[in-house]
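Bear in mind that the values in this text are calculations on the coordinates, not laboratory data. Owing to the predicted nature of the structure, the values given are computational and were not obtained by experimental measurement. All Cβ positions, glycine included, derive from the backbone under ideal geometry; neighbour counts span all protein chains shown.
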Amino acid sequence: MRQSQLFTKTRKLAPKDEVAKNAQLLIRGGFIHKEMAGVYDLLPLGMRVAENIKRIVREEMNAIGGQEIIMSSLQRKELWEKTDRWDDEKVDVWFKSELKSGGEVGFGWSHEEPITDMMKNYVDSYRDLPKYTYQFQTKLRNELRSKSGIMRGREFVMKDMYSYSIDEKAHKEFYDKVTAAYLKVFERVGLGDRTFLTFASGGAFTQFSHEFQTLCETGEDTVYLNRDKKIAINKEVLTDEVLTQLKLKRDDLEEVTAAEVGNIFSFGDVKSKELDLYYKDEKGKKKPVILGSYGLGITRLMGVLVEVFADDKGIVWPEEVSPYKVHLISISGGNSDVVAEADHVYKLLAEHGIEALYDDRDVRAGEKFADADLIGISKRLVMSEKTLSEGGVELIHRKDGTTAMVPEIAIIERLTEKK
């Protein structure tokens, strides 16, 4: 992408009513557009980051046997009434609407009910199990307050997976696989050393659950962390009973601020009994299916990455989620040879499948560098009269600012080398 053709532009200031750092920087960098409180549009740069996060998550979900689907956001009232989760007193985040033909529908904040009802078409015998399905889908939640940017929105993209197993033993085995897969996701996006499995309340889902909490100064949760055991307890469930269950001592826990980036729930056979999802075992006996639910916020994770890694100049994307592999910047000063060489490098990158954002704009060098710092692409290649005279390009790493002169012949190798 030539930056001159990118329809978005950077801005010096964020909207006055935007208080969250992640949203301020993402708006200024041209990644998102704010529609209203808690509602944001993904722009081209933001789409690329979100798709990179989804790619990582998709790879890890597929690796443990997940099959991708996508379901409707419209929810049948009668289905949720069966499980007693339609009532606003029980679930207070519903968006609901009247149908012109009569009746009421909801807009999906979660999908346990419809996907479990759907599974009745595909599960009859023990031979039909297990089944693991997941989707990337826009969720709608009528949050009372939305002041954390894309970390807590009224509309957001989530990966939700659902597992259907024959018994608790099989369910627990898969539950542990998902836990490991989630930790691998957070490792790949650069948050592995600061994200911890956390014991928490199930809220509108179950009595208890597990969360994945990332240490973050602007997070909304207080958790108590045991670094040695790499486990934490959410403040809301910190009791002597829970400490005993987890074999932890209060004095060994450190109080930290964190942001929830994922959660997993065990529903047991409750949903299956409520929605009549049964299978026949080897002896022909009718038994309820065991359900697990696993959520991971895609746009939420994007916001957390900004909060955790941004510096005083702008966003700093980890390499695996960076919107482009490299930011190519031409500082020509009117020198046509520099422009020609930058065009040549841009084509060279494309020929080797390396996606680049090419700043070919006719603006001052200072503006280009300031925009590059704000946008935060992990690697930067700079072409100038100086680099032209030395027969190469300047490679700059956004994370630590380290620089190196790279001969043109070695550009591809340096950008594709394994660390």
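Calculated FRET efficiency, Lys386 and Glu408, Cβ-Cβ r, R0 25 Å, to nearest 0.05?
Working: r = 14 Å, r/R0 = 0.57.
Once rounded, the FRET efficiency stands at 0.95.
Comparing Pro15, Pro318, Pro130 in a Gaussian network model of the chain where C-alpha atoms under 10 Å apart are linked, the largest mean-square fluctuation is found at Pro15. Comparing Cα centroids, the stretch 231-255 and the stretch 287-306 end up 23 angstrom apart. Just list whichever of Lys82/Lys177; Lys12/Lys147; Lys90/Lys271 have alpha carbons separated by over 26 Å in the model shown. Result: Lys82/Lys177 exceed 26 Å. Restricting the trypsin sites (Lys or Arg not before Pro) of the stretch 311-370 to loop positions (DSSP other than H, G, I, E, B) with no more than 12 neighbouring Cβ atoms within 10 Å leaves Arg364.
Of the chymotrypsin sites (Phe, Trp or Tyr not before Pro) in the stretch 1-93, the ones in a loop by DSSP (not H, G, I, E or B) with at most 14 other beta carbons within 10 Å are Phe7. Across Met302, Met118, Met61, mean-square fluctuation computed from a Gaussian network of the chain (C-alpha pairs under 10 Å connected) peaks at Met118.
A Gaussian network model of the chain, with springs between Cα atoms under 10 Å, assigns the largest mean-square fluctuation among Asp228, Asp92, Asp373 to Asp228. In terms of surrounding Cβ atoms within a 10 Å radius of their Cβ, Ser146, Ser101, Ser163 rank from fewest to most as Ser101, Ser146, Ser163. Please arrange Asp128, Asp400, Asp360, Asp337 by counting, for each residue, the other beta carbons lying within 10 Å of its beta carbon, fewest first. Taking fewest neighbouring Cβ atoms as first place, the list is Asp400, Asp337, Asp128, Asp360. Here r is the Cβ-Cβ distance between Ser4 and His397 and R0 is 35 Å; the resulting FRET efficiency, rounded to 0.05, is 0.90. Straight-line cross-link partners of Lys100 among the lysines, defined as a Cα under 17 Å from its Cα and at least 8 positions apart when in the same chain: Lys77.
Exposed loop sites, defined as GluC sites (Glu not before Pro) outside DSSP H, G, I, E and B with at most 10 other Cβ atoms within 10 Å, are absent from the longest region of the chain, namely 90-281. Using a/c under 1.5 as the rounded threshold, could you call the stretch 24-127 rounded, prolate or oblate? The axes a ≥ b ≥ c are square roots of the C-alpha gyration tensor eigenvalues, and prolate needs a/b larger than b/c, oblate otherwise. It is oblate, given that a/c is not under 1.5 and a/b is not larger than b/c.
Modelled label positions at Ala37 and Glu89, each set 7 Å beyond Cα in the direction of Cβ, lie 2.7 nm from each other. Between the stretch 159-220 and the stretch 374-406, the alpha-carbon centres lie 39 Å apart.
In whole angstrom, how long is each semi-axis of the equivalent ellipsoid of the stretch 326-416, when you take the square root of 5 times every eigenvalue of its Cα gyration tensor and sort them from largest down? Intermediate values should be presented prior to the final figure.
Numbers: eigenvalues 57, 54, 32 Å².
They are 17, 16, 13 Å, listed from largest to smallest.
Here's the picture: a label point sits 7 Å out from the Cα of Thr179 along the beta-carbon direction, and within the stretch 225-259 the residues with their amide nitrogen under 12 Å of it are 230-232, 246.
Are there chymotrypsin sites (Phe, Trp or Tyr not before Pro) in the stretch 89-194 that DSSP marks as loop and that have at most 16 other Cβ atoms within 10 Å, and which are they? Before the final figure, lay out each step's value.
Working: sites: Trp94, Phe95, Phe107, Trp109, Tyr122, Tyr126, Tyr132, Tyr134, Phe136, Phe156, Tyr162, Tyr164, Phe174, Tyr175, Tyr182, Phe186; in loops: Trp94, Trp109, Tyr122.
For chymotrypsin sites (Phe, Trp or Tyr not before Pro) across the stretch 89-194 that sit outside H, G, I, E and B with at most 16 neighbouring Cβ atoms in 10 Å, the list reads Tyr122.
How much length is gained if the chain between Glu51 and Glu78 is pulled fully straight, taking 0.36 nm per residue apart and subtracting their Cα-Cα distance, in nm to one decimal?
6.3 nm
When DSSP beta bridges are restricted to pairs lying wholly in the chain, around 80% turn out antiparallel.
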